[in-house]
Amino acid sequence: MTEIRLVGTAHVSQKSVEEVRSAIEEFQPDIVGVELDQGRFISLREEATEPSVMEILKGGNFGRLLVQWVLTYIQQRIGAETGVKPGAEMLVAIEEAEAHQKPVALIDRDIRITLARFWGMMGIWEKIKLIGALIYSLVGVESQEIDVDEFTNQDVVSAAMEEFRKFSPQGAQALIDERDAYLAHQILMLGSRYERVLAVVGAGHIRGVQRYLDAPETLPPLPALTAGVKGLPWGKILGTAVTVLFLLLIAAIAFSGLGFDVLLATLLYWVLINGTLSAALTLLAGGHPFSAATAFAVSWMTSLNPLLAAGWFAAIVEAKIRKPAAGELRQIVEAETISEMRKIPLFRVVLVAALANVGSTLGTVAYFIFIFPVLGIDPAVVIVDGFSNMLQIIQGLF
């Protein structure tokens, strides 16, 4: 019969490092499985090839990228407090296994799949709450003392998992439940080939993985855990809706008889409101004035095209000016403070891209809320008169 042993760790705990070393020495496994995927393994070994700035920009998803960086920053800060590099216990597991001439298996799901499913499965409100919580956490990490060894206490871990589940049910499913199942799949596959399997996983996965190991028939199919999140393309749908709504508004005003001056003001305010907010948030991100000017110039147009984004154009200009260099991705994840992170050109470029897009979105929302009060006209009258006159003209043509 296969014997499987799980070791629960905190990724920034010296105690966990020692427990992993002791478990391998005592258990003498035939293989050691570690909660890493190929990408994170290469990163821990500092052998990763960084993508170019243009590859990062073409990938889009700037908000998700910033969330990933901030989460990494928080883990780095905790590691600095304890003097233990994040992932050190996984490296120790690998090194100890190699020292005992035991094979090593990487048993975690690809981090890109996990992040894509995590971000894609969350609702808009969950994403807003997550970003707010991250900002709050940044302050907390700087000011609070942390007992990292408590991270391996199962009662503490379970309470933390339940709080996260209340906070973000869909996010918890992708980040915790699905990975519990994926890890269990990989461990069982190792168990079909080896008699003694030691699996080193984060303490938060211990109960979930063990539950699946005890009842393998409850495991969801492996392909379902790695498939892309299929859902409605809300970005394109909302972008198209904005375009249609704006064109209908222009048509209603044009046919309402209010005159060319009002129509021209309607168009001018679209440019000004979109451009001003997009440029303002670009500057707030620390962007160059040329980047802000670019955001201002294109925001009115990108808001009407769901395939374009003001942030992408502003980020290209920012990249041309700041000239991010090789190695800055590692500098970002190793930064000790947010201020230090903001000084890194690559971080500035991505932050400009994200906030310019946020500014453009806020500008679009603000336009539809305030355009009629600014123009001093009654929207009901304009819409009724405009479409009534339009209908009469169309009927006259036929």
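The values are calculated or read from the model by the stated rules, or taken from the named source; none is laboratory data. Just so you know, these numbers come straight off a predicted model, no measurement behind them. Backbone-built Cβ (ideal geometry, glycine too); neighbour counts: all protein chains shown. These accessible areas exclude ligands, DNA and RNA; they are computed on the full protein's heavy atoms, side chains included. Shrake-Rupley method; radii C 1.70, N 1.55, O 1.52, S 1.80 Å.
List of remarks:
- Under the combined filter of DSSP loop state and at most 15 neighbouring Cβ atoms within 10 Å, region 309-370 retains these GluC sites (Glu not before Pro): E336.
- Quarter of the Cα convex hull surface for region 206-275, i.e. its orientation-mean projected area (nm²): 8.9
- Put a dot 7 Å past the Cα of T337, heading toward its Cβ, do the same for T2, and the two dots end up 5.0 nm apart.
- Solvent-accessible area of region 198-302 (1.4 angstrom probe, protein heavy atoms only): carbon and sulfur portion equals 75 percent.
- Per residue, the accessible area of region 237-347 comes to 49 Å² when a 1.4 Å probe rolls over the protein heavy atoms.
- log10 of Debye I(q)/I(0), alpha-carbon scatterers only, for region 266-398 at 0.09 Å⁻¹: -0.38
- Tail beyond 13 Å, pair distance distribution of region 336-398 (Cα, percent): 76
- As an equivalent ellipsoid, region 184-227 spans semi-axes of 17, 14, 11 angstrom, where each value is the square root of five times an eigenvalue of the C-alpha gyration tensor, largest first.
- Trypsin sites (Lys or Arg not before Pro) within region 331-398: DSSP coil, no more than 13 neighbouring Cβ in 10 Å: K343
- If a spin label sat at a point 7 angstrom from the Cα of L248 along the line to its beta carbon, the backbone N atoms of region 381-398 nearer than 16 Å would be those of 381-391.
- Debye equation applied to the C-alpha atoms of region 237-327, log10 I(q)/I(0) at 0.23 Å⁻¹: -1.07
- Label separation (F27 vs R211): 2.1 nm, computed from points 7 Å beyond Cα along the C-beta direction.
- Taking label points 7 Å from Cα along the Cα-to-Cβ direction, R165 and I42 give a separation of 3.5 nm.
- Förster-model FRET efficiency, 41 Å R0, L188 and K129, C-beta, rounded to 0.05: 0.70
- 19 Å reach of a label modelled at L264, 7 Å along Cα-to-Cβ, counting backbone N of region 367-390: 374-377
- Protection-proxy order for peptides 352-358, 180-186, each taking the mean of Cβ atoms within 10 Å per residue, highest first: 352-358, 180-186
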